[in-house]
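Following: one structure in structure tokens, then a few remarks.
The values are calculated or read from the model by the stated rules, or taken from the named source; none is laboratory data. Note that the coordinates shown come from a computational prediction; the quantities given were computed from them, not determined experimentally. Here the Cβ positions follow ideal geometry from the backbone for every residue, glycine too, while neighbour counts run over all protein chains shown. To get the accessible areas, we keep the full protein, side chains included, count just its heavy atoms, and leave off ligands, DNA and RNA. Shrake-Rupley method; radii C 1.70, N 1.55, O 1.52, S 1.80 Å.
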Amino acid sequence: MLQLYWSIAAVIDILIVYNLNLVNSAWDFWIPLLLHVGILALLCGIHFIFIVLYSLVVDRNKEVTNIHNSHRAVLLYTLKLYFQLAQVKIRATGVDKVPDDGKFLFVGNHISSYDPMVALWTLRKKNLA
């Protein structure tokens, strides 16, 4: 996800710098770099605002029968972006012992508030309910 936003920011940066003729000398090298970082931050900010607005349409009283829905997909893309921005590498062992069929209960000893995010990302291919 971060690579996609980085690429979009690069294209927008090139278009802005080229069309506005912002680089006139070798000393202006910092303009495209700063512009690229700003556009990337703006895209990530827009993504997070979208997540907040998207979470408002989730019906919390409705029972989840299909874990592969749009809400889960948006959440997983956002978790991927979070972990890429924070440069977090997750290494999990024993995931192959988790059943693939039926729902199951995953009980974790939460050391921090990030544990549910890591658990959801680690078990994203499983039927975690």
Only Cα pairs under 8 Å and at least 6 apart count here; give the relative contact order of the chain as a rounded whole percent.
25 percent
Output ³J(HN,Hα) for the range 34-45: one whole-Hz value per residue in order, computed from phi by the Karplus curve 6.51 cos²θ - 1.76 cosθ + 1.60 with θ = phi - 60°, and x for Gly and Pro.
5, 5, 5, 4, x, 5, 4, 5, 5, 5, 5, x
Pseudo-spin-label distance Val52 to Lys125, built 7 Å along Cα→Cβ, given in nm, is 3.5 nm
Fraction of accessible area attributable to carbon and sulfur, the chain (%, probe 1.4 Å):
65 percent
Can you give the helix-only mean residue ellipticity at 222 nm for the chain, where every DSSP H stretch with n ≥ 4 adds -39500 (n - 2.57) and the sum goes over all residues, rounded to the nearest 500 deg cm²/dmol?
-18000 deg cm²/dmol
What is the calculated FRET efficiency for Phe29 to Ile8, with r their C-beta to C-beta distance and R₀ = 22 Å, to the nearest 0.05?
0.55
What is the spin-label model distance, in nm, from Ile90 to Asn109 if the labels are put 7 Å beyond Cα along the C-beta direction?
2.0 nm
Solvent-accessible heavy-atom area per residue, rounded to whole Å², over the chain at 1.4 Å
77 Å²
Give me the lysines in straight-line cross-link reach of Lys103: C-alpha distance below 25 Å, same-chain residues under 8 apart excluded.
Lys62, Lys80, Lys125, Lys126
